């Protein structure tokens, strides 16, 4: 493992910040959401590109692990994978390896990132046909294999309205968390993403506002022990 991207992982670099506290609140809210309907697999996506979904997911994974849940973070954005960059990992083997090789399916190439209860599965080599791979029976087997090794498996997927990947993958999982960027996401894009997921009966467990301005009045509260 190489160096972590500390700018992205505020839950590690600034654990007492308001941003880190917001991720812990998100974790708590998701746990309440799953009281009636178990949430063991969760897809995190956005309406359009560059709205902060991958950073949001990485920090959520940290807080899940810190909360004592065995967590696996999977990079399923097979078009623009970024989790290996956030965590400073090699990307020669990963999810695509697991789908293509029986040995890797039986023994997933998970990476220890030095955080108790957390393992990361990079995307692996980008395939020529991401949608076909994500919609395959082998992908279902990979999901099952990962679920058997964790309390919760978090999946990073491409934006909803850009390609069909997110909807294909979400149909195999327990729910979707939609990331919306403050001042960035267009209202019509967010609405369209919601409608596209609802049309295929995807359970949207909530939305997260990324890049929101910090309320200065709360800064002193969050900086205390």
>> If residue 51 satisfies all but one of (1) at pLDDT 85 or above; (2) within 27 Å of residue 163 (Cβ to Cβ); (3) surrounded by 22 or more Cβ atoms within 10 Å (Cβ to Cβ), what's the number of the condition it fails?
In response: (1)
> Between residues in the stretch 143-158 that are free of Cβ contacts under 8 Å to residues at least 24 places away in the same chain and residues that are in a loop (DSSP other than H, G, I, E, B) and crowded, with 16+ Cβ neighbours inside 10 Å, which pairs lie under 9 Å by C-beta distance while being six or more apart or on different chains?
Replying inline: none
> Does residue 73 fit the bill of being in a strand (DSSP E or B) and touching a helix residue (DSSP H, G or I) at 6+ places or on another chain (Cβ under 8 Å)?
Replying inline: yes
> Can you tell me which residue in the stretch 173-202 is farthest from residue 52 (Cα to Cα), limited to those that are touching a residue at least 40 places away in the same chain (Cβ under 8 Å), assigned to a loop (DSSP other than H, G, I, E, B) and more than 15 Å from the chain's Cα centre (by Cα)?
Replying inline: 186
>> Quick check on residue 31: is it surrounded by 22 or more Cβ atoms within 10 Å (Cβ to Cβ) and in a helix (DSSP H, G or I)?
In response: no
>> Quick check on the stretch 203-215: of everything there that is farther than 11 Å from residue 177 by Cβ and assigned to a loop (DSSP other than H, G, I, E, B), which residue is modelled with the highest pLDDT?
In response: 211
> residue 95: modelled with pLDDT of 95 or more, touching a helix residue (DSSP H, G or I) at 6+ places or on another chain (Cβ under 6 Å) and buried (at least 21 other Cβ atoms within 10 Å of the Cβ), yes or no?
Replying inline: no
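The values are calculated or read from the model by the stated rules, or taken from the named source; none is laboratory data. None of the values given here were measured: they were computed from a predicted structure. Positions of Cβ are backbone-derived with ideal geometry, glycine not excepted, and every protein chain shown enters the neighbour counts.
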